[in-house]
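The structure under discussion appears below in the form of structure tokens.
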Amino acid sequence: MKAVLDACVIYPSVLREILLGAAAAGMYRPLWSERILGEWIRAVAKLGPLAVTQATGEAARMRADFPQAMLDEQPGIAARLLLPDPDDVHVLAVAIGGHADAIITFNAADFPRHVLAGEGIARRDPDGFLWELQSHHPETMEAILAGVVDKAKGMDGAPVSLKSLLKRAKLPRLARAVSAQ
């Protein structure tokens, strides 16, 4: 499965780490463009220069770790598309150009299912997408989530629970699934 990661799911670090961990484990193939990564970095700018530096470094790591994920802009495709937010057309164009199966996004209103279905693409919210991956690959997801918790502990220097991390990342369904194990 190939999925375009919208900037809104790359922005939160916990969600990004889980999505990239699942991709590194071969559960799906992530796709993005320089414009998508740029949107994420511009969104982080409100947190200050250090956050921009960190996001720029993370984007470089993503490019290096997933060189096949980077797709070129698709202006020819974008020109024929209409979405409620014209600023999101490039995301759908990348999905079409990359033969993606889905766009992972929180922005349901900006990516109407009927428009995406006409292009053979599904819109997936990250919680449902990751819950599905966890349902099919519980051991692998458990290892990914343990790594995310370890990284969060290292950053905060204090104990942190997986359930609280997942809830803050807007992943309540995944949190319930892993706490039920």
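Taking the stated definitions as given, is Thr140 polar (S, T, N, Q), touching a residue at least 24 places away in the same chain (Cβ under 8 Å) and touching an Asp or Glu at 6+ places or on another chain (Cβ under 6 Å)?
No, not satisfied.
Taking Gln134, is it in contact with a Gly (Cβ under 7 Å, 6 or more places away or on another chain) and either closer than 15 Å to Trp32 by Cα or surrounded by 21 or more Cβ atoms within 10 Å (Cβ to Cβ) (or both)?
For Gln134, the condition - in contact with a Gly (Cβ under 7 Å, 6 or more places away or on another chain) and either closer than 15 Å to Trp32 by Cα or surrounded by 21 or more Cβ atoms within 10 Å (Cβ to Cβ) (or both) - is not met.
Inside the stretch 11-120, counting only helices (runs of 4 or more DSSP H) that do not spill past its ends, which hold 1 or more residues that are touching a Phe, Trp or Tyr at 6+ places or on another chain (Cβ under 9 Å) and within 26 Å of His136 (Cα to Cα)?
13-24, 49-65
Kindly indicate whether any position in the stretch 40-62 is closer than 16 Å to Leu133 by Cα and under 13 Å from the mean Cα position of the chain (by Cα).
Taking every residue of the stretch 40-62 in turn, none turns out to be closer than 16 Å to Leu133 by Cα and under 13 Å from the mean Cα position of the chain (by Cα).
Name every residue in the stretch 93-110 that is buried (at least 16 other Cβ atoms within 10 Å of the Cβ) and without any contact (Cβ under 8 Å) to a residue 60 or more places away in the chain, in order of residue number.
The answer is Ala93, Ile96, Gly97, Asp110.
Going by the conditions given, is Lys170 surrounded by fewer than 20 Cβ atoms within 10 Å (Cβ to Cβ), at positive phi and in contact (Cβ under 8 Å) with a residue 60 or more places away in the chain?
yes
For Ala158, which of the numbered conditions (1) at pLDDT below 95; (2) part of a helix (DSSP H, G or I); (3) among the small types (Gly, Ala, Ser) fails to hold?
(2)
The values are calculated or read from the model by the stated rules, or taken from the named source; none is laboratory data. Bear in mind that the values here come from a model prediction, so they are computed numbers and not experimental data. All Cβ positions, glycine included, derive from the backbone under ideal geometry; neighbour counts span all protein chains shown.
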